[in-house]
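Taken together, the values in this text are just the output of simple stated rules run on the coordinates, not laboratory data. Remember, predicted model here, so these are calculated numbers, not experimental data. Don't worry about glycine lacking a Cβ; one is built from the backbone with ideal geometry, like all the others, and counts go over all protein chains shown.
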């Protein structure tokens, strides 16, 4: 796939003009090997595109999680970015904040911040059943970060059938909880297996969230 860099910059600028923060996301479940990760290269790309920061989606898989590795990744990325840009993490964690192999643990978020990583945004890919408990674990680890609870609005959820959320009633408790919190929000997750079904449904869900919170 060939990208038109100037068009991409134009799109980024257009979103930023509307007050939308734009980040580069690195990693994901299909990229579990971080051996050759270059914080300097990713930071250079971020600066060249004019984005607001970098999102680290560290998903090495079951049995491969390494606190040493993720702490170095975050430390190196913050050093390459400088102090001002956003450093974000996405994680699938259990209700006590433990890593499930697909994202950083709450204890390592706390450790990273103690090493001046300054993680400003945490997206919890913990859908439905344990979301609030997981949120509390990460809030205890990062008091000032913005923490978003994940919502899976896709009609063919690859993250597990029991996690699929299709209406405001499915998440009313989460929305009520978020409304009472500072620096909290919602992260919409979509695996666009069916673009026709998933995108309109996601947009409808976002509208419902704003209207009912």
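Can you compute log10 of I(q)/I(0) for the range 3-61 with the Debye formula, treating each Cα as one identical point scatterer, at q = 0.16, 0.30 Å⁻¹?
Once normalised to I(0) and log-transformed, intensities are -0.57, -1.19.
Neighbouring Cβ atoms within 10 Å as the yardstick, rank 68, 96 fewest first. If you can, show how the numbers build up before the last one.
Values: 68 8, 96 13.
Ordered by Cβ neighbours within 10 Å, fewest first: 68, 96.
By counting other Cβ atoms within 10 Å of each Cβ, how are 15, 125 ranked from fewest to most?
Values: 15 13, 125 24.
Exposure proxy ranking, most exposed first: 15, 125.
Along its three principal axes, how long is the range 1-151 when you only count alpha carbons? Whole Å, largest extent first please.
43, 33, 31
Would you order 138, 177, 3 from fewest to most other beta-carbon atoms within 10 Å of each residue's own beta-carbon? Mind showing how you got there, number by number?
Values: 138 24, 177 16, 3 7.
Ascending Cβ contact count within 10 Å gives the list 3, 177, 138.
Using the Kirkwood radius over C-alpha pairs as Rh, can you work out the diffusion coefficient of the range 47-119 via Stokes-Einstein at 20 °C, viscosity 1.002 mPa s, in µm² per second?
Numbers: Rh = 12.5 Å.
Translational diffusion coefficient: 172 µm²/s.
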